[in-house]
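The structure appears below as structure tokens.
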């Protein structure tokens, strides 16, 4: 009886130890790291890449309309307006500017960056000279005496104009595409001047308030406002101009007379007046 009792006690003791060991491993499994859980090293595809923007200040860059500013991502600042949104209001194609007469050069909205205006040969696109070496971020026009240009952007020697066909180009300080005016003609001094007339709608006003033109002259209406304008009574029919766009009124065929006109947006201001002689 005594021997049997001692053997049962030993067996019970071993069983208790085994149960304890098994319970320990069940409560503390190995914390392994699988390959799928391991952190991966960054690759070049994780980096935002900004494509190069078109160059500036290159008089030989061909004119187009497809070049766009660099597309940025993340917290990068967006590029200012370029060819896709900026364009010249005047000069128009086939305008004729006499040397020595003041002419307005205007574009549809501020560029948002500094730049410069230069004259280029219409055929070769080569730089002829600088009209205005430095434009401001908010500038949209410039009155040019159409007499001479600066040979360099930094100033110094000025070169007199010669008759011919030209374009005006606006370049920007930065990697943004230039914009180019339509081709126009510069005539010898004393020639009959035939520019397009210009009306700016923006900042709550119509300017100039009174415009007098000879019959047959084209009149450019530029909407520099942020909303669409409908102009009434400026000619035989009403017309609308979207924000940043222009409308060209052909006065040929319109009887001579005085035409007060108004905008459906600027109802609180005095109407403009177009006088056709």
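The values are calculated or read from the model by the stated rules, or taken from the named source; none is laboratory data. Fair warning: this is a prediction, and the values are worked out from it, not measured in the lab. With ideal geometry, Cβ positions are generated from the backbone for all residues, glycine too; neighbour counts draw on all protein chains shown.
See the values below:
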quantity	calculated
Residue satisfying condition, being assigned by TED's automatic domain parsing to the domain that holds residue 257, free of Cβ contacts under 8 Å to residues at least 60 places away in the same chain and at negative phi, within set 209, 217, 200, 158	217
Failed item in (1) more than 30 Å from residue 126 (Cα to Cα); (2) in a loop (DSSP other than H, G, I, E, B); (3) in contact (Cβ under 8 Å) with a residue 24 or more places away in the chain; (4) in contact with a strand residue (DSSP E or B) (Cβ under 9 Å, 6 or more places away or on another chain), with residue 275 passing the rest	(2)
Count of region 234-267 residues which are touching a residue at least 24 places away in the same chain (Cβ under 8 Å) and either within 19 Å of residue 109 (Cβ to Cβ) or in contact with a strand residue (DSSP E or B) (Cβ under 8 Å, 6 or more places away or on another chain) (or both)	21
Within region 257-266, tally of residues that are buried (at least 17 other Cβ atoms within 10 Å of the Cβ) and in a strand (DSSP E or B)	4
Residue within region 173-194 that is out of contact with any strand residue (DSSP E or B) (no Cβ under 6 Å at 6 or more places or on another chain), farther than 20 Å from residue 139 by Cβ, in the same structural domain as residue 92 (by TED's automatic domain parsing) and assigned to a strand (DSSP E or B) present	yes
Those residues of region 225-236 which are at pLDDT 95 or above and either under 15 Å from residue 275 (Cβ atoms) or assigned to a loop (DSSP other than H, G, I, E, B) (or both), in sequence order	227, 228
Any chance residue 231 is touching a strand residue (DSSP E or B) at 6+ places or on another chain (Cβ under 8 Å), touching a residue at least 60 places away in the same chain (Cβ under 8 Å) and over 20 Å from residue 102 (Cα atoms)	no
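Okay, residues lined up against (1) surrounded by fewer than 18 Cβ atoms within 10 Å (Cβ to Cβ); (2) under 21 Å from residue 145 (Cβ atoms):
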{"residue": "190", "(1), (2)": "yes, yes"}
{"residue": "195", "(1), (2)": "no, yes"}
{"residue": "216", "(1), (2)": "yes, no"}
{"residue": "247", "(1), (2)": "no, no"}
{"residue": "250", "(1), (2)": "yes, no"}
{"residue": "255", "(1), (2)": "yes, no"}
